[in-house]
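What follows is a single structure, written as structure tokens, with notes after it.
The values are calculated or read from the model by the stated rules, or taken from the named source; none is laboratory data. Everything numeric here is computed off the predicted structure, so don't read it as measured data. Here the Cβ is made from the backbone with ideal geometry for all residues, glycine too, and neighbour counts use every protein chain on show. With ligands, DNA and RNA removed, areas are computed over all heavy atoms of the protein, side chains included. Shrake-Rupley method; radii C 1.70, N 1.55, O 1.52, S 1.80 Å.
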Amino acid sequence: MTAKTAFWPMYTSGRHWTTDIVILRLTPKEVPGFKNEAGKAAMWEAMFASPSLHQYRVYSYAIAYSKPDIFKGVTAGLRVPWNGVTRDAMPVELTSFNIDSDVAYQAAAADGAAWLKKNPGKALSSFALGNTYRFQAPVWYLMWGDKKSGYVAFIDANSGKVLKQR
């Protein structure tokens, strides 16, 4: 499933925890027996925060149960103290989260096609939606390989345009 498919059940559950919920990060996770590919995953994890409670919680949504700790549907984590927004962890404005994970993946893969062709053994090692001071809108961050010898793309979560890559 794509990120948006998993996001809304987690967001709805989070609104029962607190009404001033903000999303800080959204990432795919692995589920045994399923393969994550092309921006789709069997499980997604979202970090939501509450400015009024000064807490954050990690929610997950999975399409299947896998012993011992992956449960089908929405699961809420423990409440953890949160000191608030920083320049490296800013809330994702929901009105700026228009591009789904599969579209972001396609944009990054198309932009990095030459690099991916030269490095067929390098797997997607990082994939996340977040927001930092570096960009004017939330971005999808995708990295194949590692920081030393990999390919990184930032995809604007509002427009789907490639913002910066290396």
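A few points about this structure:
- Sole residue being out of contact with any Gly (no Cβ under 9 Å at 6 or more places or on another chain) and open to solvent by less than 20 Å² (accessible area, probe 1.4 Å), chosen from Phe71, Phe97, Phe154, Phe135: Phe97
- Some residue of the range 47-59 being farther than 23 Å from Arg87 by Cβ and in contact (Cβ under 8 Å) with a residue 12 or more places away in the chain: yes
For (1) over 25 Å from Thr18 (Cα atoms); (2) touching a Pro at 6+ places or on another chain (Cβ under 9 Å); (3) not small (Gly, Ala, Ser), each residue gets a yes or a no:
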{"residue": "Ala62", "(1), (2), (3)": "no, no, no"}
{"residue": "Tyr65", "(1), (2), (3)": "yes, no, yes"}
{"residue": "Phe71", "(1), (2), (3)": "no, no, yes"}
{"residue": "Leu94", "(1), (2), (3)": "no, no, yes"}
{"residue": "Asp111", "(1), (2), (3)": "yes, no, yes"}
{"residue": "Leu116", "(1), (2), (3)": "yes, no, yes"}
{"residue": "Lys122", "(1), (2), (3)": "yes, no, yes"}
{"residue": "Gly145", "(1), (2), (3)": "yes, no, no"}
{"residue": "Val162", "(1), (2), (3)": "yes, no, yes"}
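- Where a residue in the range 76-101 is closer than 19 Å to Ala157 by Cβ and its partner, wherever it lies, is loosely packed, with under 15 Cβ neighbours inside 10 Å, with Cβ under 6 Å and at least six apart: Arg87/Tyr133; Asp88/Thr132
- Out of Ala128, Ala104, Ala64, Ala110, sole residue that is closer than 19 Å to Met43 by Cβ, over 18 Å from the mean Cα position of the chain (by Cα) and open to solvent by less than 80 Å² (accessible area, probe 1.4 Å): Ala64
- Here the range 132-156 is the region considered, the condition is being touching an Asp or Glu at 6+ places or on another chain (Cβ under 9 Å) and assigned to a loop (DSSP other than H, G, I, E, B), and the residue that is modelled with the highest pLDDT is Pro138.
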